[in-house]
Amino acid sequence: MSDCIFCKIINKEIPGKIVYEDDECMAFLDLSQATYGHTLVIPKKHYANILEVDDETLAHVMKIVKNLANQIVEKLDAKGVNVLTNEVAGQTVHHFHIHILPRYDENELKIEFTDHSNDVDLDEVYKKITK
Ligand code: 5GP
Ligand code: ZN
């Protein structure tokens, strides 16, 4: 038996509001509901994060994310979605998952990018990544 809370939802050991399920993945409502309809999509096989998940599984998960995002936007009359994953940084449940966050207005959720362009040498970053 796994200690992972999401594996427990997959195995129906604990309840979840499951909105989609197939052989490889599952989607259920996030308990915290950062926005109305906040949904998580996960592979059934346990991978810790996006850096570790295999390519085929990731492709399937992302296809389901797109389909569900469309369904959620339509059914909940949202304006759009944020789709995100917290790999190691900020991740609290270490079973790979993608958040679908339906959006209704600008102020309900803040995902802010701070402009550090004055502090960063783009050539240096570029060389580090590509060399
Ligand atoms: P993370 O911060 O790891 O990207 O997000 C984990 C998410 O899982 C959080 O938004 C949290 O609300 C959600 N979560 C944690 N435990 C449970 C649970 O037992 N059931 C459901 N449905 N969501 C959970
Ligand atoms: Zn797991």
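Quick note: the coordinates plus some simple rules give every number you see, no bench work behind them. Everything numeric here is computed off the predicted structure, so don't read it as measured data. All Cβ positions, glycine included, derive from the backbone under ideal geometry; neighbour counts span all protein chains shown.
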### Message
Just to check I understand the Karplus step: with θ = phi - 60° and J = 6.51 cos²θ - 1.76 cosθ + 1.60, what whole-Hz values come out for region 99-106, glycine and proline as x?
### Response
8, 9, 10, x, 10, 10, 8, 5
#### Entry: Calculated over the chain: convex hull of Cα atoms, volume per residue (Å³)
143 Å³
### Per-residue [θ]222 nm for the chain (sum of -39500 (n - 2.57) over DSSP H runs n ≥ 4, rounded to 500)
-9000 deg cm²/dmol
### Query
Could you give the angle, 0 to 90 degrees to the nearest 10, between helix 55-76's Cα long axis and the longest principal axis of the Cα atoms of the chain?
70 degrees
## Note on the structure
Among K110/K131; K66/K128; K66/K110; K63/K131; K44/K128; K8/K110, the pairs whose Cα-Cα distance exceeds 26 Å are K110/K131; K66/K128; K63/K131; K44/K128; K8/K110
### Message
Around T35, under 12 Å between beta carbons, what's the net of Lys plus Arg minus Asp minus Glu among the other residues?
### Response
-1
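May I ask you to sort V83, V65 by Cβ crowding, counting other Cβ atoms within 10 Å and putting the fewest first?
Values: V83 14, V65 22.
Ranked by crowding around the Cβ, least crowded first: V83, V65.
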